[in-house]
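Here the structure comes first, spelled out in structure tokens, and everything after it is commentary.
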Amino acid sequence: MDIAADREMLLSRLIGEGYLKSERVIQAFRQVPREEFVSASDRNFAYADYPLQIGHGQTISAPHMVAIMTELLKPRSRNNVLEIGSGSGYQGAILSKLVNHVYTIEIETELVMSAKNNLERTGCKNVHVMVGDGSKGYEPGTPYDKIIVTCATPEIFQAWKEQVKEGGIILAPVGGFYHQELILLHKTKDGFKQENHGGCIFVPLRQG
Ligand code: SAH
């Protein structure tokens with residue numbers, strides 16, 4: 001099986017379907033080996049466009065969802081980004097190719113270990129993985145240009161609103177257990193402006 005060919009096939013599909021748009025994001029998808037972020041038994045499905053189990057009831061998001069979120073984030077090389085929900089580390093790895101620094105926080109200790117491992121193995125050096133409850137954000141890395149939430153959240157928490165820069169954005173799936181709306185908030189000097197980017201399904205945020 002030719003994994004590089006599988007990766008290119010997925011890329012063509014995500015480009016054709018309009019999920020991948022910008023050259024930098026396409027290059028990042030090309031550079032990150034998704035097979036290193038899935039469980040060994042799922043390696044053959046690493047380039048299928050659906051979520052996969054990564055243990056502890058959690059999933060690595062489907063590639064098209066990672067593409068949608070990464071494009072909406074408009075990552076810039078000088079950006080400092082906070083991700084809530086490291087999971088496998090894959091979204092963090094994609095962002096690591098596009099921004100200056102990624103802080104990613106994960107509540108499940110064992111997933112923190114595997115995310116760190118995956119990121120180290122794939123040479124992503126500008127990603128800092130922390131264990132903790134991301135609903136409180138992560139103060140030491142503030143202020144952030146962008147905050148990306150990759151678990152379903154009932155609300156946009158105050159800590160995120162405070163920890164993002166003016167001119168920055170928060171991107172999060174907001175809603176209940178079975179359905180969320182992908183919400184993008186722009187922080188302006190007059191408050192937050194909201195865009196809605198459609199329905200999605202993520203595993204829920206847990207507060208600890
Ligand atoms: N971005 C990940 C997928 C995330 S799945 C990837 O690329 O693989 C959602 C993750 O959010 C799960 O790993 C879950 O344990 C984590 N999570 C849930 N509640 C959290 C919280 N309060 N703080 C940090 N992480 C949380």
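The values are calculated or read from the model by the stated rules, or taken from the named source; none is laboratory data. Remember, predicted model here, so these are calculated numbers, not experimental data. When we count neighbours, we look across all protein chains shown, and the Cβ atoms used for this are built from the backbone with ideal geometry, even at glycine. Please note that ligands, DNA and RNA were not included when accessible areas were found on the heavy atoms of the full protein model with its side chains. Shrake-Rupley method; radii C 1.70, N 1.55, O 1.52, S 1.80 Å.
Within the accessible area of the range 1-84, the carbon and sulfur atoms contribute 52%, probe 1.4 Å, all protein chains present.
On the accessible surface of the range 87-184, probed at 1.4 Å, how many percent belong to carbon and sulfur atoms? Solvent-exposed carbon and sulfur of the range 87-184 make up 51 percent of the total.
Looking only at Gln180, Gln194, Gln163, which one moves most when the chain is put into a Gaussian network model with springs between Cα atoms under 10 Å? For the chain, modelled as a Gaussian network with Cα springs under 10 Å, the answer is Gln194. In terms of overall dimensions, the range 31-138 has a Cα radius of gyration and Dmax of 12.8, 37 angstrom. Label-to-label distance, Ile15 versus Glu181, with points set 7 angstrom from Cα along the beta-carbon direction: 3.4 nm.
For Lys193 and Glu162 in one chain, what is 0.36 nm times their gap in residues minus the Cα-Cα distance, to one decimal in nm?
Stretched fully, the Lys193-Glu162 segment lengthens by 9.7 nm.
Sequentially through the range 150-156, phi angles give Karplus couplings (6.51, -1.76, 1.60; θ = phi - 60°) of 10, 9, 5, 10, x, 7, 8 Hz, Gly and Pro residues having no value and appearing as x.
Between Arg121 and Leu72, the modelled label-to-label distance comes to 3.0 nm, taking each label 7 Å out from Cα in the direction of the beta carbon.
Calculated accessible area for the chain comes out at 47 Å² per residue, all protein chains present (probe 1.4 Å; ligands, DNA, RNA ignored). Measuring against 30 Å, Cα to Cα, the residue pairs Lys125/Lys161; Lys116/Lys193; Lys97/Lys165; Lys125/Lys189 contain Lys116/Lys193; Lys125/Lys189 as the ones spanning a longer distance. Applying 1/(1 + (r/R0)^6) with R0 = 30 Å to the Cβ-Cβ distance of Ala5 and Gln53 gives a FRET efficiency near 0.75. Across the range 80-208, the mean sequence separation of Cα contacts (distance under 8 Å, 6 or more residues apart), normalised by length, yields a relative contact order of 21 percent. For the chain, the mean residue ellipticity at 222 nm estimated from helices alone is -8500 deg cm²/dmol, where every DSSP H run of n ≥ 4 contributes -39500 (n - 2.57) and the total is divided by all residues, rounded to the nearest 500.
Sorted from longest to shortest, the spans of the Cα atoms of the range 66-208 along the three principal axes equal 41, 34, 27 Å.
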